[in-house]
Structure formats: C-alpha cells, structure tokens
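Accompanying notes for the structure given below.
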Amino acid sequence: MRLDVFSIFPEYLAPLDLSLIGRAREKRLLDLTVHDLREWTHDRHRTVDDTPYGGGAGMVMKPEPWGEALDTVLSATPDVPVAEVSPSGESVAGASSAGEPVAEVPAAEDSAAAVRARPVLIVPSPAGEVFTQTTARELASRDHLVFACGRYEGIDQRVIDWASQRMEVRPMSIGDYVLNGGEVAVLAMVEAIARLLPGVIGNPGSLDEESHEDGLLEYPVYTKPATWRGLDVPSILLSGDHGKVARWRRDQRLRRTAATRPDLLAVLPAGSLDARDSEVLREATTGAQEEEQREAGSSRVEASGSGLAE
Ligand code: ADE
C-alpha cells in the first residue's frame, strides 16, 4: 500500500518511523512518504495561508500549494479512469486522473480492481464522517491513500471540490472534539489501517477478538503472577478448560459492552447472539437498571434530607 501524508509540520509524523509501522515500512509492506506542503510554495516566506473571504476569525490554507502537491502524487499514479467508478463500484461518467474525459466504461469485472486502484484523499476534519474500525478495514483494501493535514481554519474548499473529480475524497473525524490540526488524527488513522495489512502484525490471530472487530469490546487479560497485591487471576483462566475459558471471555465481552458501550449492542448484526449471550445481556442490563434505581432512590432520600425534594 502506498501512503502520502502532506503537512506543514512533517516532524509531527515522526512516530510513523517507530514500532510496527516503522518495521512495516522497512519490510516494504508500506510505502509511506511524509511531505512538507511548503515544498509547493514559491514565495520567500513559503506562505500556505491567507485571510478568509467573507471575513471572520483565523486563516485559511491557500489552494495553490495543495493543488501542486496533489498534482505530484496524481501524476505518479497510473492513469486510472478515476471518476468512472463510484465508491460503491457503480459506473458513472468519467475523466482520467489527468482530467480528460474517458470514452470507455470498464467491464463490471474490472470495477473492483478500479475501485481498489483509485486514490483516496483523506482530509482529517472534526466535520468529517466518524472514522471507525469499519472505515479502517475499508481503507486497508485500497492501494493508495493520501492524507491532507489541514491547519488554521481549514483548507480552501475548492481543493476538495477539485480533488473530488480525480480521487475519492473522504473528510474524516476521529471523534467529537477539536484538535489543532490533522496530524494527530492521521497518526491514529494510519496506525489503525496499517495494522490490518497482511504481515504488519506478527500474530494475525490477535486481530480476531479485538474490540470493535465483531461489534463487541474485548475481554480483560491477565498474566503472571497469579496473585498480585492480594488480587487473584480469575480461577477459570488457570483451569486449562479451553471451552470454559472461551465462554467466560465471551461473557466478559458482553458484560463490558453492555456496561460501557450499549450503543454497540443496538447495532449488532442479526444472529450474532446465541441463547447464552442473550441471557448474559439480560442479567447485565437488569443488574444495571437495579443499580440505577437504587442510586435514584438514594439521591431522593439525600434530596429530601437536604430539603430539596418537592
Ligand atoms: N482536526 C481537528 N479536529 C479533528 C478531529 N476531531 N478529527 C480529525 N481531524 C481533526
């Protein structure tokens, strides 16, 4: 997979040299380049921003450096008929990556390969769609990802509109909070995507039961010693009974998900729970409701004691 990251703070992306991602780059599983956007400026001050049309606070990233930077990566991409294939794989009227209209519509069997080869421009933004494990998996199946790290109030919208004619553009948020720029979001997204590529993680089995892979959070883990500061490892994990261990772990995943992320349970695909799963969830939710009622009861008692109750 090829990745190009554009930023005015390329040093921010230094962690991509380390650990599993660094090793994947050494092993050539990842062809990752971090570019300094200022290389595509032509003035003495290497200016990348200007005041917003229409007024308002802050500065906006100028379109020209972005346009030239994207031209560079697109010119190195084979001339895929990019606008011919929608992200869902449907054929639509198209143009080549050089912007020329394309006469031939690819055969249906070519469309999966065409989607795969079509470069994706990921623009980190708190206004983007939320990046999830599903997004990571989707993006891990593509050949070429380009990340455009915005700073200030964002990038001139025409860059996004222009790029949309040539690439699949995905504004992406890593959560409902505001960062100072896209770099930290890119670190998170590149790590989540790259670890899904074959050969990046030493033991691919460790991907199977991770949080979010099948809609449930992962189970708690323990290692030696069996007793630490008076706390014992759950005895079932020492029993050697693989079936019981597997059931206990699944119960823990269900309880954890019910306790901290009930929203995930609501969107589990039909048929993902067996009878025992449903029983565990019923117990977990009944227990939580009883606790809520107990708490509500005790706060009513406290309020009446303080004279706040009606
Ligand atoms: N840039 C600023 N805030 C961001 C967020 N929450 N996600 C992605 N990019 C951002």
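The values are calculated or read from the model by the stated rules, or taken from the named source; none is laboratory data. Worth saying up front: this structure is predicted, and the values here are computed from it rather than measured. Don't worry about glycine lacking a Cβ; one is built from the backbone with ideal geometry, like all the others, and counts go over all protein chains shown. Accessible surface areas use protein heavy atoms only, side chains included; no ligands, DNA or RNA. Shrake-Rupley method; radii C 1.70, N 1.55, O 1.52, S 1.80 Å.
Some notes on this structure:
- Test: residue in the stretch 107-125 that is within 16 Å of the ligand (Cβ to nearest atom), open to solvent by 30 Å² or more (accessible area, probe 1.4 Å) and at pLDDT 95 or above: yes
- Selection from the stretch 126-136 of residues that are more than 11 Å from the ligand (Cβ to nearest atom) and surrounded by 15 or more Cβ atoms within 10 Å (Cβ to Cβ): Gln133, Thr135, Ala136
Table: residues versus (1) of a type in the set (D, E, K, R); (2) within 16 Å of the ligand (Cβ to nearest atom).
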position	(1), (2)
Met189	no, yes
Glu213	yes, no
Leu238	no, no
Asp241	yes, no
Val245	no, no
Arg250	yes, no
Arg282	yes, no
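- Options Gly181, Gly175, Gly199; residue that is within 16 Å of the ligand (Cβ to nearest atom), part of a loop (DSSP other than H, G, I, E, B) and more than 24 Å from Asp263 (Cβ to Cβ): Gly181
- Residue list for the stretch 18-58, filter: among the acidic types (Asp, Glu) and assigned to a helix (DSSP H, G or I): Glu26, Glu39
- From Ser278, Ser272, Ser206, residue being part of a loop (DSSP other than H, G, I, E, B), open to solvent by less than 80 Å² (accessible area, probe 1.4 Å) and out of contact with any helix residue (DSSP H, G or I) (no Cβ under 7 Å at 6 or more places or on another chain): Ser272
- For Glu218, the conditions (1) over 14 Å from the mean Cα position of the chain (by Cα); (2) open to solvent by 50 Å² or more (accessible area, probe 1.4 Å); (3) assigned by TED's automatic domain parsing to the domain that holds Ile155; (4) among the acidic types (Asp, Glu) all hold with the exception of (3).
- Restricting the first member to the stretch 125-137 and to residues that are in contact (Cβ under 8 Å) with a residue 12 or more places away in the chain, and the second to residues that are surrounded by fewer than 16 Cβ atoms within 10 Å (Cβ to Cβ) and of a type in the set (Asp, Glu), the beta-carbon pairs closer than 7 Å and six or more apart or on different chains are Gln133/Glu213.
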